[in-house]
Amino acid sequence: MAEIKPGLVVASSNGRVGITDAVDVLRAGGSALEAVISGIKLVEANPNDHSVGFSGLPNLLGQVELDASVMVGEGLTAGAVGGLHDYQDAVELARMVMEELPHSLIVGDGAKRFASEMGKLPVELLTEDARQIWQARLERDQETGDASQRRFAQKIGALVRRVSQDPEKPAPPHGTVNFIARDREGRLAVGVSTSGWAWKYPGRLGDSPIIGAGNYADDRWGAAACTGRGEMAMRCCTAHSVVTFMRFGMPLSEALTTAMEDLRSLNDPYASEMNIVAVDRDGNHSGASTTAGKTYIFMDESMESYEEPTRMHVPLVDAPSLV
Ligand code: ASP
C-alpha cells in the first residue's frame, strides 16, 4: 500500500520554468499526467531553452525535429511522437497519441499529419538565435563544410565527436526535459521532451520517444526518466532498468546506481553524459549523473518553491568521457 504523501513533481533542472505550474495542477486536483504535461509545455515554449521544443537546435540540415513521450503508471499506458517538424507541443501530441490512437509512437510525416488532425497550427520552430548557433558551429567545422553537399553518414560521427569535445562549447549538443509527477493517491506519470542532439543525422530518434529507454512508469514500483546521450539509454533500456531494479527489491538509490553502472559495458566511441531522475512508489526521489555536480529539482504541494539537490555522481569509468 503506497504511503500517503503530498503530490510531488520532480524534473530535470531545465524544468524550473514549469515546475510550479505542474504542482499547482496537482493542488487543483489534476492528475499526475496533467501535471507533467503542463510543466513540460512551458519548457517547450521557452525560447531560451535550445534543447527542447520551440527554438530547439536543428539537425544537420537546419530542421528542428522534436521527440516526446508520456507514460502513465496505472495500466502502463504510453504515447510518443518522434522526428516531428513544424509543430509545437510535442508532449501534448504524445498524450494524444496515447489517448486517440491504437498506437504508441508516431514519427515524421505521420506525426505532422496527426498534429494537424488534432487541430494544431504549424509554427516555425527554428528561431534566429538557434539558427545562428547552428550555422556558427557548421562554419567553424572545416571538414563538414556545407552539410547539404556532403555524405552525412561519413561526417556525422566526426562532427558529433567534435561538438562534444569542443572546448568552447558554443551550446551543449544535447539536452532534454524530464518531468515525473506523483499525485496524493500515489499515481505516477512521466514525460520527456527534446529537440534531440543538435546537428544530428536527419531522422535520428534518441531515447526520449522510446518507452523504456528515456522514460518508464509503473505505479507498482516507480518511475524514471533520462537525459543525455540517447543511444546509450536505448541500448541499456535505462529508464525501464531503474524501475525493474526497484521491482526486484533494490532501494531507489541502488536502482539508479546499478542502471548507471550498466552503461559502462557499452562499446560506444561517442559515450558521453547520461542523467536519470527517478521516483519510487512511495514518493522518494533521487537523481544520478555521469557528470559530477549536476542537479535536479523537486517540489511538493506543501512547498512554496522548488529545491535543487545534487544528483549522485556515477562516472562512466570504463568509457572515455567526451563532455
Ligand atoms: N536524450 C536526448 C537524445 O538523445 C538528448 C539529451 O538529453 O541530451 O535525443
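The values are calculated or read from the model by the stated rules, or taken from the named source; none is laboratory data. Note that this is a predicted model, so its numbers are computed, not measured. Glycine also receives a Cβ, built like all others from the backbone with ideal geometry; neighbour counts cover every protein chain displayed. Ligands, DNA and RNA are stripped out before the accessible areas are found, and what is left, the full protein with its side chains, is counted by its heavy atoms. Shrake-Rupley method; radii C 1.70, N 1.55, O 1.52, S 1.80 Å.
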Any idea what % of Cα-Cα pairs in segment 1-141 are farther than 26 Å?
29 percent
The chain - Rg and Dmax from Cα coordinates, angstrom
18.5, 60
Which order, highest average first, do 186-197, 96-107 follow once you tally other Cβ atoms within 10 Å for each residue and take the mean per peptide?
186-197, 96-107
Highest mean first, how do 298-309, 229-240 rank when packing is the count of other Cβ atoms within 10 Å averaged over residues?
229-240, 298-309
Rank Met260, Thr244, Gly119 by how far each Cα sits towards the positive end of the charge dipole of the chain (+1 on Lys, Arg Cβ; -1 on Asp, Glu Cβ) and give me just the farthest.
Met260
Residue-normalised accessible area of segment 172-323, expressed per residue, 1.4 Å probe, Å²
35 Å²
Unit charges on C-beta of K, R, D, E only; dipole of segment 56-146, Debye:
100 debye
Grab the DSSP H runs of the chain that are 4 residues or longer, score each as -39,500 (n - 2.57), total them, divide by all residues and round the 222 nm result to the nearest 500 deg cm²/dmol.
-9500 deg cm²/dmol
For segment 164-309, go through all pairs of different Cα atoms, get the mean of 1/r, take its inverse, and jot down that Kirkwood value in Å.
15.6 Å
Cα convex hull of segment 1-43, projected area averaged across orientations, nm²:
3.2 nm²
How far apart, in nm, are two points set 7 Å out from the Cα along the Cα-to-Cβ line at Leu101 and at Asp282?
4.0 nm
Where does each of 211-218, 110-117, 56-63, 277-284 land if you order them by average Cβ count within 10 Å, highest first?
211-218, 277-284, 56-63, 110-117
When the dipole is taken about the Cα centre of the chain, and only Lys, Arg (+1) and Asp, Glu (-1) are charged at their Cβ, what size is it in debye, to the nearest 20?
780 debye
About the Cα centre, and with charges only on the beta carbon of Lys, Arg (+1) and Asp, Glu (-1), how big is the dipole of segment 248-292? Nearest 20 debye, please.
20 debye
Kirkwood hydrodynamic radius of segment 205-280, Cα pairs, Å:
11.9 Å
Using only C-alpha positions, report the orientation-averaged shadow area of the convex hull of segment 30-103, nm², one decimal.
5.3 nm²
Kindly provide log₁₀ I(q)/I(0) values, in the same order as q = 0.21, 0.24 Å⁻¹, from the Debye equation applied to equal alpha-carbon scatterers of segment 66-119.
-0.61, -0.79
